[in-house]
1. Please list the radius of gyration and Dmax for the stretch 112-162, considering alpha-carbon atoms only, with Å as the unit.
2. Scan around residue 270 for amide H atoms under 5 Å from its own, H built in the peptide plane at 1.01 Å from N, and keep only partners 5 or more places away or cross-chain.
3. Given H placed 1.01 Å from N in the peptide plane, which residues other than close sequence neighbours of residue 66 have an amide H under 5 Å from its amide H?
4. What distance in nm separates the simple spin-label points at residue 193 and residue 233, each placed 7 Å from Cα in the Cβ direction?
5. On alpha carbon coordinates alone, what is the Rg over Rh value for the stretch 53-166, Rh being the Kirkwood radius?
6. Modelling each spin label as a point 7 Å along the Cα-to-Cβ direction, I'd like the residue 268/residue 164 distance in nm, to one decimal.
7. Starting at the first residue of the stretch 143-156, write each ³J(HN,Hα) from the Karplus equation 6.51 cos²θ - 1.76 cosθ + 1.60 with θ = phi - 60°, in whole Hz, x for Gly and Pro.
8. Each residue of the stretch 56-72 in turn: what ³J(HN,Hα) in whole Hz from Karplus with 6.51, -1.76, 1.60 and θ = phi - 60°, glycine and Pro shown as x?
Amino acid sequence: RAKAAGGNRFELADPDSDARAITRHGLTNRLPTALERGEFFIEYQPLVRLGDGSVRGAEALVRWCHPVHGVLGPDQFIPLAESTGLIVPLGHWVLQQAAWQARDWQFPRSDGHPLRINVNLSPAQLGHPGLVPETLAVIKDAGLEPTALCLEVTESAFIGADEELMRPLREFAELGMAIALDDFGTGYSNLASLRRLPITTLKLDRSFTRGMQQQPADPVDVKIVEIVVDLAHTLGLSVTVEGVETGTQAEHLRALGCDTAQGWYYARPGPPERLHSLSLVDTTT
Ligand code: C2E
Ligand code: MG
Ligand code: MG
Ligand code: MG
């Protein structure tokens, strides 16, 4: 059940009720043509370096502006897009939009770091044979370096996965793209396999950062974050934390050595201009 009010109306939706919503609203009929009708749009949410609060990039999050049901969050239509195969053209469109946006954010910032844009990849896209050439074409057309993008893949993509699924990621990583393991801690628990995955970042799921909202922080959650940070840094990976909603949380996570944070405390997902108006993007040359 989606909450009706606020910018976070989809956050509490659980997958079962999402599936029911899809059936109830007859989204199935409209989804295949939604792309050509131009009904999708992207919101961006900043990724902030915990050490100094500087913005390092933003995650692209797709939304569907449905003519009858209003703005729908990805949890309400990505599963459907995956089961119908639309995820491949939709994912390509998201990547294209994000690449042009990244291009826009490439101009020199006073700290000398261009912004990096994170794009979510679903497992179905990893199995699409055209993924690597099509992605590289988008990057090239936008005039970007591969390092300007980070691909986010969830742990579940690797459950029982063979080497085939990992090959595209390995190619991307070799070209200098960042690869993040999204929602880390919620699925695949084979820690040893982290060594084999071509990833650069662990994105710790927000269920682990909730315990940092209180003062003092929940000792079990603190321990978990400590272990993850230690493991990630040992493997040469950076740690991004999701769902940072309060300053207390941000401070705990910074003290625990997490590298990057994302959450409502900094900014909710919004139109790309929002990053400018929040002064998160340095538009002075
Ligand atoms: P995700 O990649 O883990 O993205 C983070 C989700 O957490 C986003 O939900 C974001 O709005 C939400 N979030 C951010 N900060 C906070 C916070 O402080 N508190 C809380 N409670 N939530 C926060 P959203 O936008 O509804 O996206 C849901 C999921 O849909 C994403 O999870 C991602 O897995 C998927 N998704 C989004 N865009 C795409 C896309 O273009 N392609 C694919 N394949 N999946 C996408
Ligand atoms: Mg993500
Ligand atoms: Mg995530
Ligand atoms: Mg998540």
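1. 12.7, 41
2. Excluding prolines and chain starts, which carry no amide H, the hits are 44, 45.
3. Excluding prolines and chain starts, which carry no amide H, the hits are 71, 72.
4. Roughly 2.7 nm, to one decimal.
5. Values: Rg = 15.3 Å, Rh = 15.4 Å.
We get a ratio of 1.00 for the stretch 53-166.
6. 4.2 nm
7. x, 9, 8, x, 5, 7, 10, 10, 9, 9, 10, 7, 3, 4
8. Running phi through 6.51 cos²θ - 1.76 cosθ + 1.60 with θ = phi - 60° gives 9, x, 8, 9, 7, 10, 7, 9, 10, 8, 7, x, 9, 8, x, 6, 10 Hz.
All of the numbers you see were taken from the coordinates with simple rules; none came from a lab. Nothing here was measured: the structure is a model prediction, and the numbers come from that model. No Cβ is skipped: glycine too gets one built from the backbone with ideal geometry, and neighbour counts run over all protein chains shown.
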